[in-house]
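Undergrad: Provided herewith is a single structure, encoded as structure tokens, for subsequent inquiry.
The values are calculated or read from the model by the stated rules, or taken from the named source; none is laboratory data. This structure is a prediction, so every number in the text was calculated from the model and none was measured. Cβ atoms come from the backbone with ideal geometry, glycine included; neighbour counts cover every protein chain shown. Each accessible area value is taken on the protein alone, full model and side chains, heavy atoms only, with ligands, DNA and RNA left out. Shrake-Rupley method; radii C 1.70, N 1.55, O 1.52, S 1.80 Å.
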Amino acid sequence: MRGAILGLAMGALAAGSQAQTGGRLLVAAKGTQSLVIVDGANGKVIGSVSEGNLPGKDTAHEVAASLDGKLAYLPIYGDSGVGKPGSDGRTMVVIDVASQKIVKTIDFGSAYGGRAVRPHLPVQGPPVAGHPDGLLYVTTELEKTITVIDPKTMTMIGAIPTGQEQSHMLAVSHDGKWGYTANVGPGTVSVLDLAGKIGSVHNPVEVIPVSGEVQRISVSMDDKWVFTSDQKKPELVVIDAATRKVAKRIPMESYGYGTAPTPDGRWLLAPMMAVDKIAVIDLKTMTVAKNIELAKGTHPQESLVEPDGKMAFVSCDRSGQVAEIDTATWTVTRMIDTGKVSDGLAWAK
């Protein structure tokens, strides 16, 4: 079978906070082994859903929403950090956002000879030929693959080799043709042909050396640039998607983490955990335009911008909060209490 498969508490309201458009902010709260659901209009927590009867401290680190916003996908990674000893997860729970109930559990082990795979990041791809609901891609680290799931049937339909250890995070181009993995320990980025045959021996198309260690990855709105955070130097690394080479390194005050572009393509948010700040990078000049300061000890790590671009969100794992940021003024409008070790973020429309 392996051979066959180898071939995504309420916050204190600040005065003057803007009302947002509809939608739900989904937060993976690792410390409580739960999915926290926040009303995007008022910043209030409206639900907390247990990920199930999980052993020990096994939990999901990341979350993705289906294209229609009805479902949340949470791969159960385990109880450790990337490349560190600990338990190895092998399942993904699917939660109905409206009913706040688990509706499906997918066992990756069934496709990998019963082995645990440390599934980490789910990424919901756009509609593609033959798959109007898109395809769901999940990093399966221990197998050095991206597992591909048909969200309509909730079945695994194949896997894409990354050619590298610790393929922890994945970004997919907006046209759905290309995937990019941040391979943490190797310090590389794998380029994957998502439009080709699943399991193709031609994947990865290329492995780009970046640093002694990298973390997180994102793609510009025009798909021209790929961003990853160097963990050996306080720099944001910019890869040219056409040439597949490092084009620029942007100096930052500290090491960056989970970046996210604004929908207009002008700005990129880059949380800096060590200094409790968020760098706002001007993508026209490829320089840091502003650093947003958070309270000491918040430890911001993952960012997300809502579809209309008016608000951005950054999870702060040590304070158990999500910072809401007004992108017109780059000010923090409120801190939303979402639970211990708040990490992965997704938006359900």
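Undergrad: Can you give me the % of accessible surface on the stretch 104-199 that is carbon or sulfur? Probe 1.4 Å, all protein chains present, nothing else counted.
TA: Details: 1650 of 3090 Å².
Looking at the stretch 104-199 in its full context, I get 53 percent from C and S.
Undergrad: How much length is gained if the chain between residue 287 and residue 50 is pulled fully straight, taking 0.36 nm per residue apart and subtracting their Cα-Cα distance, in nm to one decimal? Please report the intermediate quantities before stating the final value.
TA: Working: separation 237, 0.36 × 237 = 85.32 nm, distance 4.10 nm.
Contour length minus the Cα-Cα distance gives 81.2 nm.
Undergrad: So how far, in whole Å, is the C-alpha centre of the stretch 207-231 from the one of the stretch 118-197?
TA: Centre-to-centre (Cα) distance: 15 Å.
Undergrad: Continuing with this model, one more query. Need the C-alpha centroid separation for the stretch 55-98 versus the stretch 287-329, integer Å.
TA: That distance is 22 Å.
Undergrad: Could you work out the relative contact order of the stretch 240-319? I mean the mean sequence separation of Cα pairs under 8 Å and 6+ apart, divided by the number of residues, in percent.
TA: RCO, the stretch 240-319: 24 percent.
Undergrad: Quick query: amide H of residue 276 versus all other amide H atoms, modeled in the peptide plane; which residues come in under 5 Å with a sequence gap of 5 or more or a different chain?
TA: Excluding prolines and chain starts, which carry no amide H, the hits are 299.
Undergrad: Using a Förster distance of 30 angstrom, determine the FRET efficiency expected from the C-beta separation of residue 80 and residue 274, and round it to 0.05.
TA: Values: r = 21 Å, r/R0 = 0.70.
So, using R0 = 30 Å, E works out to roughly 0.90.
Undergrad: How much mean residue ellipticity at 222 nm does the chain get from its helices, if each DSSP H run of length 4 or more adds -39500 (n - 2.57) and you divide by all residues, to the nearest 500 deg cm²/dmol? Spell out each step's value before the answer.
TA: Details: 1 runs with 5 residues, N = 349.
Here the helix-only value at 222 nm equals -500 deg cm²/dmol.
Undergrad: While we're on this one: In straight Cα distance, which lysines are under 16 Å from residue 177, not counting same-chain residues fewer than 8 positions off?
TA: Hits, sequence-local ones excluded: 197, 224.
Undergrad: Of the listed values (i) 0.97; (ii) 1.02; (iii) 0.91, identify the label whose number matches Cα Rg over 2.2 N^0.38 Å calculated from this model.
TA: Here Cα Rg over 2.2 N^0.38 Å agrees with entry (iii).
Undergrad: Still on this model: Taking the Cβ-Cβ separation of residue 165 and residue 296 as r and a Förster radius of 22 Å, what is the calculated FRET efficiency to the nearest 0.05? Kindly include the intermediate steps, with their values, before the conclusion.
TA: On the way: r = 35 Å, r/R0 = 1.57.
So the FRET efficiency works out to roughly 0.05.
Undergrad: In whole percent, how big is the carbon plus sulfur part of the accessible area of the stretch 248-316, probe 1.4 Å, protein atoms only? Let's see the in-between values first.
TA: Numbers: 1300 of 2610 Å².
Answer for the stretch 248-316: carbon and sulfur cover 50 percent of the accessible area.
Undergrad: Per residue, what accessible area does the stretch 259-349 have, given a 1.4 Å probe and all protein chains present, in Å²?
TA: Numbers: 3280 Å² over 91 residues.
Accessible surface, normalised per residue, equals 36 Å².
Undergrad: Still on this structure, please answer the following. How long is the gain from residue 248 to residue 330 if the chain were fully straight, where each residue apart is worth 0.36 nm and the alpha carbon distance is subtracted? List each step's numbers first, then the result.
TA: On the way: separation 82, 0.36 × 82 = 29.52 nm, distance 2.46 nm.
Here the segment from residue 248 to residue 330 would lengthen by 27.1 nm.
Undergrad: Which ³J(HN,Hα) values, rounded to whole Hz and listed in residue order, are derived for the stretch 99-106 from phi using the Karplus coefficients 6.51, -1.76 and 1.60 in 6.51 cos²θ - 1.76 cosθ + 1.60 with θ = phi - 60°, glycine and proline given as x?
TA: 3J(HN,Hα) across the stretch 99-106, in whole Hz: 7, 6, 9, 6, 10, 6, 10, 9.
Undergrad: Using only alpha carbons, build the gyration tensor for the stretch 79-203 and give me the equivalent ellipsoid semi-axes, biggest first, whole Å. Write out the running numbers ahead of the final one.
TA: On the way: eigenvalues 87, 80, 34 Å².
With the √(5λ) rule applied to the stretch 79-203, the semi-axes are 21, 20, 13 Å.
Undergrad: I've got another one for you. How far apart, in nanometres, would the label points at residue 105 and residue 154 be if each is projected 7 angstrom from Cα along the Cα-to-Cβ direction?
TA: Output for this residue pair reads 1.2 nm.
Undergrad: Could you give the size of the charge dipole of the chain about its Cα centre, using +1 on the Cβ of each K and R and -1 on the Cβ of each D and E, expressed in debye and rounded to the nearest 20? Walk me through the intermediate numbers first.
TA: Working: 34 positive and 36 negative charges, 47 e Å.
Rounded to the nearest 20 debye, it is 220 debye.
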